[in-house]
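Encoded as structure tokens, the structure appears first; notes follow it.
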Amino acid sequence: MIHMKLDIFDCLCEGEHSPLGIDNPQPRLSWKVRNPHNGDYQQAYQVQAAHSDLSGGFSSPDWDSGRVESSQSLWVPWGGNALPPRATCRWRVRIWNADNEVSEWSEVQTFQTGLYDRQQWTGEWIGDCEEVPTPHSFYDYSPKSGYQSVGATAADDSKWFQVYLLRTESFEEVVLVPASLDAHIDFGFPERFIIEAADDEHFRGERRLIADCRATDYPRPGGKEQRFSVSGVGGRYVRVTVTRQVPNPTRAGEFVIAMRELRVMSKGKDLARLKPVQVVDSQDFAWLARHLTDWEPAEVIEARVRQLQENTGSDTAYAALYLQKTIQCPKNMARASVWLCGLGLHELYVNGRRVGDAQLAPPFTNYDHSVVYNAYDITGYLQAEDNAISVILGNGWFASSNPDLTGNERAPWRKAPRMLLEGLIETNDGRQTTFASDPTWKVARGPITYSGPRGGEDYDARLELPEWGHPNRDSARWQSANGVTAPKGRLCAKRGYPLKKAGELAPVSILPGPDGSWLIRFARPISGWTKIRLRGERGKTVTLTHDGVSTHAIGRYQVNRFTLGDAGEQEFETRFSHFGFNELRIDGLEAKPDAADIRAVEVYNSMPQTGTLQSSDDRLQRIFKALMQTHRSYCLDHPLDPLREKMGWTQDAQNMMQTALYLTDSGPMYRKWFSDFIEAQDERGFIPPIVPTAGWGYDGSFNCPWWSGCVVLLPWWHYLHCGDPQILAEGYDAMKRYVGYLETIAEDGIIRWGLGDWMEIGSVNVTVGFPTRTPVPLTSTLAYSSYCRILSETAKILGHTADVQRFAQLGESVARSFHKTFWNEGTESYAADSQTAHAMVLYFDMVPQALREKALQRLLENLDQHGNHLSTGFIGTLFLLLQLSRSGRSDVAMKVATQPDYPGWLHVIDTLGFPLLMENWRGDLAFMPSCMGPIGAWFFEGLAGIRPDPSGAGFKHFLIAPGLNSGLRELDVSYEGPYGRISVAWTSDGDRRQLTVEVPFNTTASLLLEGSGWRADGDAPPRAGAGAGASGGIELTSGIHRL
């Protein structure tokens, strides 16, 4: 019997709608079902798929699963033969419900396979040259004071710094060069210390003594180099361990270590010069660890900066490449496809028309590990007979030209732009015609005379190519393309949603600025670029400077220059750069610009919104609006700050991932980013603090287990929310290696390394966010223990039996060491003035059961002492809000979330007037969700109470524990999950409440309610018992439930 109301929708292949170019020859399928009746589920399914029959029917499918008895409708394995490359496959599905009624077939879906390995590509890598110039590094332009540690509260707080010589070396002398700060010579030079050499990074094996100065205070050097001669000593590492620091003359009550240089001399040569440095912690950019081995005199740096500032013109070595070839198309064409890897960024055109609307393709990766190709359907772009296939190549991160903090201008993969292209035209009678990149293509330099991901773009309309987009056109400006080397990385298909233009903003004000410029302001900060219409004489240049935070780069930053050609009116728009900005400065105009000629174009990841919130409290609505806009602006192919750093800081997975997974369908974005984590892992198991990385961040600075350790956290949270065990299988070795790395640096189970709860209230200063309330070892060790538990659970899911017990026992051992180290019997607390500490020990169940109430009481007391203002930072905010609600104190969490003054969300949004969330609670630095974004997870998991259940990953089974005591009169929260819509809504009228819960088809939920007296649709009160979930809650089947 056919059930007409069983509606199959949202059919996916590898988690995407009708994907092109997938790498998996046996892809997994998913679907959702709507049914107006409660309590229904899928009993069985049938899938049919066809790729060899072009007629469009399923009379002889290549795969027919037949009826499969299974409730699985998410990540369903392919049961047919492996699909060939470049195959277009159609598929459909139907299901049988609990009453054995069968649905109609779903609408026919399509997907296309890609090219699985390099041997399946017939094309060659082409460009016009091999190399681009290598500029000075960011640090060649930066002041170099030496190295300085983060301030300590006690002189005997032991810290170390060391240089890695790359191989075992013999040397005769170690030299310590004192630092100076203003009038303070010998600034930070330690009073007591020991210098040693070793071959082991952690100095756990043989240590070779160079100098032991720990018995008495070392004499003040008086600004002179201190030389320590040795004989017959060598090693790969030279470490200085400081056992007594000196007072910081610039900050009362603080002790500090500083050193201008560390030299390791052998036969007059400094073996340490430009070698990697590792430290416990370090201060801001003038005092980085690396400056111990790359120090230069100030006058040398100043001369270099002057030379850079004097060079304001375009660097045409970074011009875009224009490539073109004429192909012929048969008259009976059925479909046509192109697979293109165009590095660093590309746009594809057919007969002068841009193909598709994706922007800034392909994604940034570590090009030595992977390079991404994009698949395009060009069927509707071709005409009979001759066609011009054209590609523009920009530099992107593949050939970045601007020196920046993270060293992209010196990336190991850095080459001139290049492309690999494969084309296929299929006819109605089954014939195939191919075309590919090779030296028969033509290449030219055109109007884009410069492009860079930080620097911006220059466009000279006088250099436009009249042959562009026209078949069989040529001129002396076009040359034959050259064969170039292939990047080292493996070719892989683009996955996830593309970046797209999302809208435009008109100026809200245009005011005169300095030197004849005009200052344009938009309603709010955006992530994207600008476009402008210009009129004027040929050769006139107009400069557009987008405001931003350029402290992490040297030279031009977010600048576009447009030079007019012959046309009377011309429109210019950025192609290969991406900016974060709120204001625009225009230079070169003779009159005030017209607002109608200027637009800010928003560009971000096109993942659809999945989460909504409506409440009776307008304050929450304002926070939700700012949160959503911040999230959108922060997400390209991976999360990043568009305003300043433009890099993917790993900790953003910890503080924002759960929020993001509720707000939008961001699972594919995090899936891509996790691949970057794996590719960045070194032989130690260590992960740098940004991924992808050009090599920056392996020295341990600006990092923490809550940053790099997201290689464990990210795949676990992705699995819980998206239900895909494959991410655990692919990431297991990387997860395991990282926990192994933590094992090597743990001291009696305690991890003392890391940034800690960065930017917590009371942190060191505006830019240096080291915590002063929560000990760094406390949060770092909490991470270590939680990762052991996650790894044990992951091992159980994947069937790695021996690892289940091993990592469970390791986690328990760390937990015991943690409690022994941090629990203070006198104060009955883990850290006297730390909300982060007590929220996290409760959240991660690190406190003995007998002390849980005391830990909760310390947390509530601390909040009360601060007037229910939070004091947490990047790490702690998420766990503070979630644990308050899990402890039944959504009323307190609500007070924390809605404080109107500092520190709080409304202080930034209402008092300071920022429409986006900012980097810290003062509203300083960049717009990003790192401090404030976790409130989104609380909206869904704390207020609405929607939580994934590890035993039913992907919300196959989930928990609902609504925060009914929050004080909200009305709340309506929905989330479009992997199986369908989950919603929780309530209204309160005096003592009467009405709660409505929606559970998707084919899923169940455990409802945990506060209080008694609840009745379902006027019937008897619901009770736990028969049919209750493992949590002890009321077990709900699919459908809409009103209580």
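The values are calculated or read from the model by the stated rules, or taken from the named source; none is laboratory data. Just so it is clear, the structure is predicted and the values come from calculations on it, not from any experiment. FYI the Cβ positions are ideal-geometry reconstructions off the backbone, even for glycines, and counts take in every protein chain you see.
For the condition surrounded by fewer than 15 Cβ atoms within 10 Å (Cβ to Cβ) and of a type in the set (A, V, I, L, M), what is the one hit in Ala897, Ala831, Ala850?
Only one candidate qualifies: Ala850.
Mind checking which residues of segment 253-277 are crowded, with 21+ Cβ neighbours inside 10 Å, assigned to a strand (DSSP E or B) and not small (Gly, Ala, Ser)?
Of everything in segment 253-277, those that are crowded, with 21+ Cβ neighbours inside 10 Å, assigned to a strand (DSSP E or B) and not small (Gly, Ala, Ser) turn out to be Phe255, Val256, Met259, Glu261, Leu262, Arg263, Val264, Val277.
In this structure, does Thr434 turn out to be assigned to a strand (DSSP E or B), among the hydroxyl-bearing types (Ser, Thr, Tyr) and more than 30 Å from Leu564 (Cα to Cα)?
Yes.
Looking at Gly913, is it surrounded by fewer than 19 Cβ atoms within 10 Å (Cβ to Cβ), free of Cβ contacts under 8 Å to residues at least 40 places away in the same chain, small (Gly, Ala, Ser) and not assigned by TED's automatic domain parsing to the domain that holds Asp547?
Spelling it out, Gly913 is indeed surrounded by fewer than 19 Cβ atoms within 10 Å (Cβ to Cβ), free of Cβ contacts under 8 Å to residues at least 40 places away in the same chain, small (Gly, Ala, Ser) and not assigned by TED's automatic domain parsing to the domain that holds Asp547.
Yes/no matrix, rows are residues, columns are (1) out of contact with any Asp or Glu (no Cβ under 7 Å at 6 or more places or on another chain); (2) surrounded by fewer than 18 Cβ atoms within 10 Å (Cβ to Cβ); (3) part of a loop (DSSP other than H, G, I, E, B):
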| residue | (1), (2), (3) |
| --- | --- |
| Trp758 | yes, no, yes |
| Leu778 | yes, no, no |
| Arg789 | yes, no, no |
| Ile797 | yes, yes, no |
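Give the residue that is farthest from the chain's Cα centre (by Cα), with candidates limited to residues of segment 830-851 that are in a loop (DSSP other than H, G, I, E, B) and either not assigned by TED's automatic domain parsing to the domain that holds Leu881 or not aliphatic (A, V, I, L, M) (or both).
Pro848
Give me the residue from segment 116-127 that is modelled with pLDDT of 95 or more and in a loop (DSSP other than H, G, I, E, B) and, out of that set, nearest to Trp413 (Cα to Cα).
Trp125
Given the conditions (1) exposed (fewer than 15 other Cβ atoms within 10 Å of the Cβ); (2) within 23 Å of Tyr318 (Cβ to Cβ), report the number of the one that Asn482 does not fulfil.
The one condition Asn482 does not meet is (1).
For segment 185-207, does any single residue satisfy the condition of being more than 24 Å from Asp699 (Cα to Cα), free of Cβ contacts under 8 Å to residues at least 24 places away in the same chain and of a type outside the set (Asp, Glu)?
No, there is no match, as no residue in segment 185-207 is more than 24 Å from Asp699 (Cα to Cα), free of Cβ contacts under 8 Å to residues at least 24 places away in the same chain and of a type outside the set (Asp, Glu).
Kindly indicate which of Pro498, Pro512 is out of contact with any Asp or Glu (no Cβ under 7 Å at 6 or more places or on another chain), closer than 22 Å to Ala595 by Cβ and either outside the structural domain of Leu393 (by TED's automatic domain parsing) or at pLDDT 95 or above (or both).
Result of the check over Pro498, Pro512: Pro512.
Where in segment 577-689 are the strands (runs of 3 or more DSSP E), entirely inside, with at least 1 residues that are among the hydrophobic types (A, V, I, L, M, F, W, C), without any contact (Cβ under 8 Å) to a residue 40 or more places away in the chain and outside the structural domain of His346 (by TED's automatic domain parsing)?
none
Name the single residue that is surrounded by the fewest Cβ atoms within 10 Å (Cβ to Cβ) among those in segment 564-585 being of a type outside the set (D, E, K, R) and over 20 Å from Ala596 (Cα atoms).
Among those residues, the one meeting the criterion is Gly565.
How about segment 327-355: which of its residues are without any contact (Cβ under 8 Å) to a residue 60 or more places away in the chain and closer than 30 Å to Trp413 by Cβ?
Leu348, Val350, Arg354, Val355
Restrict the check to segment 100-109 and report whether at least one residue is at positive phi, part of a loop (DSSP other than H, G, I, E, B) and not assigned by TED's automatic domain parsing to the domain that holds Glu225.
Yes.
Select from segment 476-532 the residues that are of a type in the set (A, V, I, L, M), closer than 21 Å to Leu343 by Cα, assigned to a strand (DSSP E or B) and more than 20 Å from the chain's Cα centre (by Cα) and list them in ascending order.
Matches in segment 476-532: Leu491 only.
For the list (1) surrounded by fewer than 18 Cβ atoms within 10 Å (Cβ to Cβ); (2) at pLDDT below 95, I need the number of the one condition that Ser517 fails.
Failing condition for Ser517: (2).
Since Ala303 meets every condition but one in (1) in contact (Cβ under 8 Å) with a residue 24 or more places away in the chain; (2) more than 16 Å from Val150 (Cα to Cα); (3) not in a loop (DSSP other than H, G, I, E, B), which condition does it not meet?
Here Ala303 meets the rest and fails (1).
If the Cβ limit is 8 Å and pairs must be 6+ apart or interchain, which residue in segment 1027-1043 that is assigned to a strand (DSSP E or B) pairs with which residue that is at pLDDT 55 or above and acidic (Asp, Glu)?
Gly1039/Asp40; Gly1039/Glu998; Ile1040/Glu998; His1041/Glu998; Arg1042/Asp1017
Checking Glu173 against (1) at pLDDT 95 or above; (2) in contact with a Ser or Thr (Cβ under 7 Å, 6 or more places away or on another chain); (3) crowded, with 18+ Cβ neighbours inside 10 Å, only one condition comes out false. Which one?
Here Glu173 meets the rest and fails (3).
Please give the strands (runs of 3 or more DSSP E) falling wholly within segment 157-227 in which 2 or more residues are aromatic (Phe, Trp, Tyr) and assigned by TED's automatic domain parsing to the domain that holds Val256.
159-177
Return only the number of the condition from (1) surrounded by 24 or more Cβ atoms within 10 Å (Cβ to Cβ); (2) out of contact with any helix residue (DSSP H, G or I) (no Cβ under 8 Å at 6 or more places or on another chain); (3) among the acidic types (Asp, Glu) that Asp665 does not satisfy.
With (1) surrounded by 24 or more Cβ atoms within 10 Å (Cβ to Cβ); (2) out of contact with any helix residue (DSSP H, G or I) (no Cβ under 8 Å at 6 or more places or on another chain); (3) among the acidic types (Asp, Glu) applied to Asp665, the lone miss is (1).
Going residue by residue through segment 819-827, is there one that turns out to be in contact (Cβ under 8 Å) with a residue 24 or more places away in the chain, in a helix (DSSP H, G or I), crowded, with 22+ Cβ neighbours inside 10 Å and of a type outside the set (A, V, I, L, M)?
no
Just to check your reading of the model, which residue among Val892, Val896 is part of a helix (DSSP H, G or I), more than 24 Å from Trp717 (Cβ to Cβ), in contact with a Leu (Cβ under 6 Å, 6 or more places away or on another chain) and not acidic (Asp, Glu)?
One residue alone meets the criteria, Val892.
List, please: which pairs have Cβ atoms under 6 Å, are six or more places apart or on different chains, and start with a residue in segment 560-576 that is in contact (Cβ under 8 Å) with a residue 12 or more places away in the chain and end with one that is part of a strand (DSSP E or B) and small (Gly, Ala, Ser)?
Asn560/Gly456; Phe576/Gly394; Phe576/Ser451
Give segment 218-255 a look and list any residue that's under 12 Å from Phe189 (Cβ atoms), touching a Ser or Thr at 6+ places or on another chain (Cβ under 9 Å) and either among the hydroxyl-bearing types (Ser, Thr, Tyr) or at pLDDT 95 or above (or both), or say none.
Of everything in segment 218-255, those that are under 12 Å from Phe189 (Cβ atoms), touching a Ser or Thr at 6+ places or on another chain (Cβ under 9 Å) and either among the hydroxyl-bearing types (Ser, Thr, Tyr) or at pLDDT 95 or above (or both) turn out to be Val242, Arg244, Gln245.
Please verify whether Thr216 is within 22 Å of Arg752 (Cα to Cα) and surrounded by fewer than 19 Cβ atoms within 10 Å (Cβ to Cβ), treating the condition exactly as stated.
Answer is no for this residue.
Taking segment 696-715 as the search range and keeping residues that are at pLDDT 95 or above and surrounded by fewer than 24 Cβ atoms within 10 Å (Cβ to Cβ), which one is nearest to the chain's Cα centre (by Cα)?
Leu714
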